[in-house]
1. Within the stretch 112-138, which residues are under 19 Å from residue 27 (Cα atoms), open to solvent by less than 40 Å² (accessible area, probe 1.4 Å) and assigned to a helix (DSSP H, G or I)?
2. Give the residues of the stretch 167-176 that are more than 21 Å from residue 154 (Cα to Cα) and either at pLDDT 90 or above or not in a helix (DSSP H, G or I) (or both), sorted by residue number.
3. Could you say which residue among 192, 181, 202 is aliphatic (A, V, I, L, M), surrounded by fewer than 15 Cβ atoms within 10 Å (Cβ to Cβ), under 28 Å from the mean Cα position of the chain (by Cα) and assigned to a helix (DSSP H, G or I)?
4. Being without any contact (Cβ under 8 Å) to a residue 40 or more places away in the chain, closer than 21 Å to residue 98 by Cβ, touching a helix residue (DSSP H, G or I) at 6+ places or on another chain (Cβ under 9 Å) and open to solvent by 40 Å² or more (accessible area, probe 1.4 Å) is true for just one of 197, 235. Which residue is that?
Amino acid sequence: MAVDLAVPSFDPECHLGSGCGFPAPGADIFFFDPVWTFTILGIEFNITKQIILLVLVGAAVVGFFWYAFRRPALVPRGAQNVGEMGYLFIRDGIARDTIGKAGDRFVPLLFTAFFLVWPLNFLGILPFAQIPVTATFAIPVAFALVIYFTWVPLGIKRQGVGGFFKAMTMPPDVPKAMYVLLIPIEFVSNFLVRPFTHCVRLFANMFAGHLLIATFSVGAFYLLSASVLGIIGSTASFVVAVGMTAFEVLIQFLQAYVFTMLAAVYLNDAVHGH
């Protein structure tokens, strides 16, 4: 099992002037050895640190909201007040703003998406976790596929096969001759590019942010030495790492919000037409 460091492969003996070059973090910081491996029907399954964190976050989210609403009071206090604020934020700020009153039926899905993605992002700066689970590409892909296989069948059910694909590929008030060009473009854009960008946007931001923080953190340690260059460089790297960590807190929230908002936009297309 890999140690819980931002950069598992970093050599603590490597400093400026020690003869080794700067150990710049790479994609390997996102990969950890399996904690547990088992086989079912000849297929090997690996339980990694990211899977464990995913399960723990899911349990923590369920546990908190169960505790918050276990004995709901007319005047909310404490955990119930926080839970209701979170619910109203999703219902009024995302579902109803994007889909309208019909969005109420999708609040559980959007609520679950936001309050899973946000803490999974936050793990990137949480001590002893130090890895944003959403920087593992399979995780945002799975989330995006759940949304994709919700809004596409819903759109077909609400509008019919022909009506749904027409709404998604044939914009109104366009000369008919343009449809020869627009239909394949709109099809690829809405049914292929849309789910891809939905997951890549979340993955890329979490991956890049964590890699930058790790790079400047390693730089602060590597440059630390009894020299003017070492002191200035180490201090500057440390300040940048702290500043980027604070900025990453905002990005983590915004990416969870954007992911959930896009999910609401896609559901709106299914309910009301593109």
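1. Answer for the stretch 112-138, where residues must be under 19 Å from residue 27 (Cα atoms), open to solvent by less than 40 Å² (accessible area, probe 1.4 Å) and assigned to a helix (DSSP H, G or I): 120, 121, 123, 124, 133, 134, 135.
2. 172, 173, 174, 175
3. The conditions single out 192.
4. 197
Residue-by-condition table, conditions (1) in contact with a Lys or Arg (Cβ under 9 Å, 6 or more places away or on another chain); (2) surrounded by 15 or more Cβ atoms within 10 Å (Cβ to Cβ); (3) at positive phi; (4) at pLDDT 95 or above:
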| residue | (1), (2), (3), (4) |
| --- | --- |
| 14 | no, yes, no, no |
| 17 | no, no, yes, no |
| 39 | no, no, no, no |
| 42 | no, no, yes, no |
| 45 | no, no, no, no |
| 57 | no, yes, no, yes |
| 63 | no, no, no, yes |
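The values are calculated or read from the model by the stated rules, or taken from the named source; none is laboratory data. Please read these numbers as outputs of a predicted model, since none were measured by experiment. Cβ atoms come from the backbone with ideal geometry, glycine included; neighbour counts cover every protein chain shown. Remember, those area values only see protein heavy atoms, side chains included, never the ligands or the DNA or RNA. Shrake-Rupley method; radii C 1.70, N 1.55, O 1.52, S 1.80 Å.
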